[in-house]
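S.K.: Below: one structure in structure tokens.
The values are calculated or read from the model by the stated rules, or taken from the named source; none is laboratory data. Keep in mind it's a predicted model, so treat the numbers as computed, not measured. Cβ sites come from the backbone with ideal geometry, for glycine too, and all protein chains shown count toward neighbours. When the accessible area is computed, the model is the full protein with side chains, heavy atoms only, and any ligands, DNA or RNA have been set aside. Shrake-Rupley method; radii C 1.70, N 1.55, O 1.52, S 1.80 Å.
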Amino acid sequence: MNIHEYQTKELFRHYDIPVPEGRVVHADAAAAAVAEEMNGERWVIKAQIHAGGRGKGGGVKIAESVEQAQELADELIGMRLVTPQTGPEGRLVQRVLVEQAQEIRQEYYLGLVIDRNSQRITLIASASGGMEIEEVARRDPNAVVREAVDPAVGLLDFQCRKVASRIGLTGKLMPQAVKIMKRLYRCFRDKDALLAEVNPLAVVADDRLMALDAKMSFDSNALFRHPDITDLRDFDEEDAKEVEASGHGLNYIALDGDVGCIVNGAGLAMATMDVITLCGGRPANFLDVGGGASPEKIANAFRIVLEDPNVKVILLNIFAGINRCDWVAEGIVQAIRDQHIEVPVVVRLAGTNVEEGRRILEGSGLDYIKAERLDDAAQKAVAAIGEVSA
Ligand code: ADP
Ligand code: MG
């Protein structure tokens, strides 16, 4: 789960990680008053969306007066901001962060991620801050410093000093850098984060280090023990279908192909997507209905998959263990009967109560394409798209 920059900065304040003074402003609030209250001569008005690259997309603006702060806030709120990370449709800006503009002398990158190879939280740093770290790593892998953390002892001072010195945070900046790294690590561990990114970590007036941008994302499976983080969830930033699916206990992730998938088990769902791709098709989604799926759950799965207008065929692949093919079949019958489905439906059923499941489907008199195996099902689904569009 991702949160906004202003929320991450609030969290940073609790951990004593220095951030500029700032306040979030919603559509009806007065940005000018907020700027005036904060003092200073210049303010930065920053669009709050769950995507980076806002600076490049025109979502970060400098105001030289409180009047201009208001103008810029009015301009940003309500616009669809397009950045290199949003896709061409952009994201609706519903609030902005108004903060004191800092005089930047140097920008660094500081991040914490979970490195799957070493299975450790890993500190990442670079002297090339302000730019996308993936891009920096592509251009010059040596410009990115990595340091894995041993979970038994945590992030140690000597590691922070080593990283700081390798990116040139020396002298007066070194002890500040060490503190910030350790506090960021504590925050990351405390909150079960998956990612923490400070880009840029900037040297500002009086040689102070400050987090000018802040991004964190959290492990959804650990949210049950962090009600404070769960409260920060912004449903407007998430795919409406994914939110609805999770409400029905379905694990759905939208993709950009046209073969709608309804599968049981995450592994089988991934394999189904692979085989569709092998057969020349493109999955429209990942969907795991889980174990013991009721007919209603299957019918809901159909509804959610069909909310995606790109879907040209549905491939249902159930290998029932805990699931029951007869329940699944009842769900399919309900869905096809009640939802006026206009796309072809390919059904592959195997496992528990499969004979009963097939009987229900055949007895229903409904129109669907039968498949025996997964490759057979995927081929039929891809072929059905060809026939529809021909
Ligand atoms: P994004 O990463 O989405 O583009 P950032 O928060 O990193 O957004 O802002 C883009 C750039 O704007 C930063 O790299 C920094 O140069 C500048 N900036 C951001 N916040 C401030 C601030 N408070 N004062 C001065 N400059 C800022
Ligand atoms: Mg940034």
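S.K.: Which value, in debye to the nearest 20, describes the size of the charge dipole of the range 34-146 about its Cα centre when Lys and Arg Cβ atoms bear +1, Asp and Glu Cβ atoms bear -1, and nothing else is charged? Working shown, then result.
M.R.: On the way: 14 positive and 17 negative charges, 148 e Å.
Roughly 720 debye for the range 34-146.
S.K.: A follow-up question, please. Please find, in a Gaussian network model of the chain (springs between Cα atoms separated by less than 10 Å), the residue of 35, 125, 335 whose mean-square fluctuation is greatest.
M.R.: Comparing 35, 125, 335 in a Gaussian network model of the chain, the most mobile one is 335.
S.K.: Can you list the GluC sites (Glu not before Pro) in the range 156-254 that are in a DSSP coil and have 16 or fewer other beta carbons within 10 angstrom?
M.R.: Those satisfying the criteria are 238.
S.K.: Let me ask another. What lysines does residue 46 reach when the alpha-carbon gap must be under 22 Å and sequence neighbours fewer than 8 apart in one chain are set aside?
M.R.: Answer for residue 46, where 22 Å is the Cα cut-off: 9, 56, 61, 215, listed by chain and number.
S.K.: Could you give the length gained on full extension between residue 234 and residue 14, defined as 0.36 nm per residue of separation minus the Cα-Cα distance, in nm? Don't jump to the answer; show the numbers that get you there.
M.R.: Working: separation 220, 0.36 × 220 = 79.20 nm, distance 2.08 nm.
In short, 77.1 nm is gained.
S.K.: With r defined as the distance between the Cβ atoms of residue 30 and residue 342 and R0 fixed at 41 Å, what FRET efficiency is calculated, to the nearest 0.05? Mind showing how you got there, number by number?
M.R.: On the way: r = 50 Å, r/R0 = 1.21.
The value I calculate is 0.25.
S.K.: List the relative contact order of the chain as a percent without decimals, with contacts defined as Cα pairs under 8 Å and 6+ residues apart. Display every interim value, and only then the final one.
M.R.: Numbers: 782 pairs, mean separation 46.1, N = 390.
In percent, rounded to a whole number, it is 12.
S.K.: Continuing with this model, one more query. Taking H placed 1.01 Å from N in the peptide plane, check which residues at least 5 places from residue 248 or on another chain put their amide H under 5 Å from its amide H.
M.R.: Distant-sequence amide H within range of residue 248: zero hits.
S.K.: OK, next. Of the GluC sites (Glu not before Pro) in the range 62-148, which ones lie in a loop per DSSP and count no more than 16 other C-beta atoms within 10 Å? Write down the numbers at each step before the final one.
M.R.: Values: sites: 64, 67, 71, 75, 89, 99, 103, 107, 132, 134, 135, 147; in loops: 64, 89, 103, 132.
For GluC sites (Glu not before Pro) across the range 62-148 that sit outside H, G, I, E and B with at most 16 neighbouring Cβ atoms in 10 Å, the list reads 64, 89, 103, 132.
S.K.: For the chain, what is the mean residue ellipticity at 222 nm derived from helices alone (per DSSP H run of n ≥ 4: -39500 (n - 2.57); sum divided by total residues; nearest 500 deg cm²/dmol)? Provide the component values of the computation, followed by the final result.
M.R.: Numbers: 14 runs with 146 residues, N = 390.
Here the helix-only value at 222 nm equals -11000 deg cm²/dmol.
S.K.: Assign unit charges at the C-beta atoms only (+1 for Lys and Arg, -1 for Asp and Glu), then state the dipole size of the range 93-239 relative to its Cα centre in Debye, rounded to the nearest 20. If you can, show how the numbers build up before the last one.
M.R.: On the way: 21 positive and 25 negative charges, 176 e Å.
In debye, rounded to 20, the range 93-239 gives about 840.
S.K.: Also, quick follow-up: If all Cα-Cα distances of the chain are sorted into 20 Å bins from 0 onward, what percent lands in each bin, rounded to whole numbers?
M.R.: 24, 43, 28, 4
S.K.: Work out, step by step, the length gained on full extension between residue 140 and residue 157: first 0.36 nm times the residue separation, then minus their alpha carbon distance; give nm to one decimal. Show your work: numbers first, answer last.
M.R.: Details: separation 17, 0.36 × 17 = 6.12 nm, distance 2.68 nm.
Gain on extension, residue 140 to residue 157, equals 3.4 nm.
S.K.: At a probe radius of 1.4 Å, what is the per-residue accessible area of residue 182, in Å² to the nearest 10?
M.R.: Here the residue's solvent-accessible area equals roughly 80 Å².
S.K.: Using a 1.4 angstrom probe on the protein heavy atoms only, could you order 126, 246, 65 from most to least accessible area?
M.R.: Numbers: 126 0, 246 65, 65 40 Å².
Sorted by accessible area, descending: 246, 65, 126.
S.K.: Now for a separate question. Whole-Hz Karplus ³J(HN,Hα) for the range 96-113, in order, using 6.51 cos²θ - 1.76 cosθ + 1.60 and θ = phi - 60°, x for Gly and Pro?
M.R.: Result, ordered by residue: 10, 9, 9, 9, 5, 6, 9, 8, 8, 9, 7, 10, 10, 10, 9, x, 10, 9 Hz.
S.K.: In the range 121-181, which trypsin sites (Lys or Arg not before Pro) are in a loop and have at most 16 other Cβ atoms within 10 Å, using DSSP for the loop call?
M.R.: Listed in order of number, the matching sites are 172.
S.K.: Quick one: go through the range 204-223 and flag any residue whose amide nitrogen is under 15 Å from the point 7 Å out along the Cα-to-Cβ line of residue 246.
M.R.: Under cut-off, by backbone N: 217-223.
S.K.: Under a crude label model (7 Å from the Cα following the beta-carbon direction), how far is residue 65 from residue 356 in nanometres?
M.R.: About 7.7 nm, to one decimal.
S.K.: Note down, for the range 239-389, the three equivalent ellipsoid semi-axes (square root of 5 times each alpha carbon gyration tensor eigenvalue), biggest first, whole angstrom. Intermediate results must be reported in sequence, preceding the final value.
M.R.: Values: eigenvalues 76, 61, 46 Å².
The equivalent ellipsoid of the range 239-389 has semi-axes of 19, 18, 15 Å.
S.K.: Apply the Karplus curve 6.51 cos²θ - 1.76 cosθ + 1.60, θ = phi - 60°, to the phi angles in the range 220-234 and return the couplings in whole Hz, x for Gly and Pro.
M.R.: 4, 6, 10, 4, 4, 9, 10, x, 5, 6, 4, 4, 8, 4, 10
S.K.: Setting aside same-chain residues fewer than 8 positions from residue 172, which lysines have a Cα under 22 Å from its Cα?
M.R.: Straight-distance partners of residue 172: 162, 182.
S.K.: Moving to a separate point now. Excluding residue 153 itself, what net charge comes from residues whose Cβ is under 14 Å from its Cβ, given Lys and Arg +1 and Asp and Glu -1?
M.R.: On the way: positive: 120, 182, 186, 189; negative: 147, 150, 157.
Spelling it out: positives minus negatives among the neighbours equals +1.
S.K.: If the only charges are +1 at each Lys and Arg Cβ and -1 at each Asp and Glu Cβ, what is the size of the charge dipole of the range 190-298 around the Cα centre, to the nearest 20 debye? The partial results should precede the final answer.
M.R.: Details: 8 positive and 21 negative charges, 85 e Å.
I would put it at about 420 debye.
S.K.: Given 0.36 nm per residue, what is the gain on full extension from residue 131 to residue 23 after removing their alpha carbon distance, in nm?
M.R.: Values: separation 108, 0.36 × 108 = 38.88 nm, distance 2.47 nm.
Gain in length upon complete extension: 36.4 nm.
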